[in-house]
Amino acid sequence: MDELEFRRRAVIDPHDTQDAFTDMAKASPANRKWLEEMKQFDHRLSQGMKVDVPPGLAERLLLRQAIGAESPPSRPPAPRTSGWKPLAIAASVAFLIGVSTRWLPWPSSPPAQASLAQVALAHVYGEEPFIAGVDEQVSLQTINAKMEKYGATLMNMQDMARITYVNHCAFYQGPALHMVLQGKMGPVTLFMVPKHVPLRLDPRFDDGRLKGEVIPLKGANLVLIGEMDEPLDPLSRQIESRLHWSI
């Protein structure tokens with residue numbers, strides 16, 4: 001089971017007891033935190049759906065039935081569409097969608113309205129609380145086990161920035177490689193996104209807090225995002241010079 005499948009199953013059933021699921025939950029602090037958050041949400045949702053029956057409801061229904069039997073037929077009233085219960089259910093569903101879209105594929109939108117930069121920045125901010133401070137002491141073997149799905153191999157890590165996290169993520173209409181490196185000014189996030197993903201490419205971008213650049217490579221588009229004063233070009237050269245493509 002990879003991390004993407006684990007997070008999806010945690011949303012569906014955070015109390016899953018299958019060995020593969022529980023082993024994945026113990027694999028990293030980020031996974032344990034995500035599972036705990038899903039368990040808390042599941043508990044809140046269960047509590048919100050427990051509705052106490054108002055006192056005397058059965059008696060009032062029997063009285064209404066008796067009165068109706070004695071009265072002449074009348075046009076039934078239009079069904080009510082307002083009330084607290086539909087609103088509560090709608091709010092719960094909206095909250096669940098908000099939580100789930102951190103990790104599930106983004107919905108389609110016209111290329112003119114969505115860019116690779118926008119989606120990448122949203123992922124960095126969305127996942128920041130879960131991987132901040134995490135150092136999984138990533139090995140070259142682990143990196144290449146993930147990269148091979150995108151047709152790439154990292155040849156070596158000699159004199160390269162320290163890599164603290166690597167995994168797949170649900171990026172936009174499919175998976176992408178998500179990697180975190182230690183830059184000069186702080187963590188730098190790398191995404192390796194398949195070229196077929198229909199998003200506009202902006203070579204350089206920033207939002208005032210973070211900046212990034214998109215580097216089109218042979219088999220994928222590489223996205224690097226770091227602090228505003230982080231020099232990204234040396235990192236992109238380090239990575240690009242060490243990549244070997246099999247596609």
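In the stretch 88-109, the count of residues that are closer than 16 Å to Gln173 by Cβ, in a helix (DSSP H, G or I) and either open to solvent by 70 Å² or more (accessible area, probe 1.4 Å) or modelled with pLDDT of 85 or more (or both) is zero. Selection over the stretch 113-147 of residues that are open to solvent by less than 50 Å² (accessible area, probe 1.4 Å) and in contact with a helix residue (DSSP H, G or I) (Cβ under 9 Å, 6 or more places away or on another chain) gives a count of 4.
Within the stretch 198-245, the residues that satisfy the criterion of being part of a loop (DSSP other than H, G, I, E, B), out of contact with any helix residue (DSSP H, G or I) (no Cβ under 8 Å at 6 or more places or on another chain) and in contact (Cβ under 8 Å) with a residue 40 or more places away in the chain are Asp229, Glu230, Pro231, Leu232. No other residue among Ala112, Ala145, Ala120 is assigned to a helix (DSSP H, G or I) and modelled with pLDDT under 90 apart from Ala112.
Scanning the stretch 170-185 for residues that are under 14 Å from Leu222 (Cα atoms), open to solvent by less than 10 Å² (accessible area, probe 1.4 Å) and part of a strand (DSSP E or B) yields Ala176, Leu177, His178, Met179, Leu181.
Taking the stretch 1-32 as the range and being part of a helix (DSSP H, G or I) and among the basic types (Lys, Arg) as the test, the residues that pass are Arg7, Arg8, Arg9, Arg32. Of all residues in the stretch 186-195, exactly one satisfies the criterion of being of a type outside the set (D, E, K, R) and not in a strand (DSSP E or B), namely Gly186.
I'd like the residue in the stretch 4-14 that is in contact with a helix residue (DSSP H, G or I) (Cβ under 7 Å, 6 or more places away or on another chain) and of a type outside the set (Phe, Trp, Tyr) and, out of all such residues, is farthest from Lys33 (Cα to Cα). Among them, the one singled out is Arg9.
The values are calculated or read from the model by the stated rules, or taken from the named source; none is laboratory data. Worth saying up front: this structure is predicted, and the values here are computed from it rather than measured. A quick note on method: Cβ atoms are made from the backbone with ideal geometry, for glycine too, and the neighbour counts reach across all protein chains shown. Note: areas computed on protein heavy atoms with side chains; ligands, DNA, RNA excluded. Shrake-Rupley method; radii C 1.70, N 1.55, O 1.52, S 1.80 Å.
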